[in-house]
Amino acid sequence: YLNVYNTFTNTTEDVRSYRRRSFSDPSAIIPWNAFLLNTHGTVRILPEYDIFKNTFTRLKCHPTGMELTLLRVGFSFLDPKELVLLNDACRPTLVNSTHVIFFANLSDCGTEVINYRLTSVLYHNEVRLRGSPSRVVRQADAINRTRVEGKLRSISFDCWYYMTTVHQPIYAPHITSFHKGGKIGSTNGYKITLYHNSNFSHAFTEQEYPINVEMEKEVFVEVALLRRERSPDIWISRCRATPSADYFDPVCYDLIEYGCPNAADDHIQYYNTSRLGVRRFSFQTFRFNDYPSAVVFLHCQIQFCDPADAYSRCRRGLNIC
């Protein structure tokens, strides 16, 4: 028979006490005799590993990385000093008497892309014992009904990132006064970088944004996934310039639409690159007539392609423009 209780068993004595309950135990949420009478509908029973994981781990998906928190009460058998991410150089960012916290940058720490859709991508990393091979702990592996033994090899964690628009102030007309500083904006797994030349060998530093430019000068733009190893390919589906951080600003200028350069602008040029997850283009600087001194913001969206698909948007490129 089966009784269902709203509790978590953590010791051998807990398990023994529930084994001694009768089939009609009134303290159970759903005693066995209720199942026989079919009075409580259906019940979904989580695998034990899922219960353990949901009880003793917390995951937050941040714009540039994933934060995993382990509650030490559930991992008392593990030494935090021996725990690393897929890249052994990445260790816990915080350790105290109750928690162990890891932060896995999307562009570092061994973080990899393991799945993707047209406009979203799944990033993956693992906490594992230093020096041990990567192996994901599954439902029935490395746990039992009394305590989790030291068989644990790794704890995997994943975050889906939906490729919404990246907004970034990219340049200011020469007449504009502004404060340089802060970090380049990046979110949802990819970023925009400006370069000094068409070789894309010398990037502007974070402190230089927004750059100060004369009119009718070329701006060299790179849009890239934060993590490119074993990643899908990308294509820039849209890039829009506005005089504010608002993508929907009614004053705007579309540089790229539906993956194609603005047909009315002869100064937009794509640059070929063999690197997956990277696309490059350039355009000539301009000012907005109604806001001649405004900083120009660039908003770009991307889509994913299967590198092996000969008919994907990435492979067809500008041929369909």
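The values are calculated or read from the model by the stated rules, or taken from the named source; none is laboratory data. Treat the numbers as computed from the prediction; the structure is a model and nothing was measured. The area values use the complete protein model at the heavy-atom level, side chains included, leaving out ligands, DNA and RNA. Shrake-Rupley method; radii C 1.70, N 1.55, O 1.52, S 1.80 Å.
Rolling a 1.4 Å probe over the protein chains gives ARG117 an accessible area of about 130 Å².
Note on the range 267-321: with neighbouring protein chains present and a 1.4 Å probe, carbon and sulfur make up 42 percent of its accessible heavy-atom surface. Among TRP160, TRP235, the sequence by solvent-accessible area, most first, with a 1.4 Å probe is TRP160, TRP235. A probe of 1.4 angstrom, applied to the heavy atoms of all protein chains, finds PHE75 with accessible area near 20 square angstrom.
Rg/Rh for the range 82-123 (Cα atoms only, Rh after Kirkwood) is 1.11.
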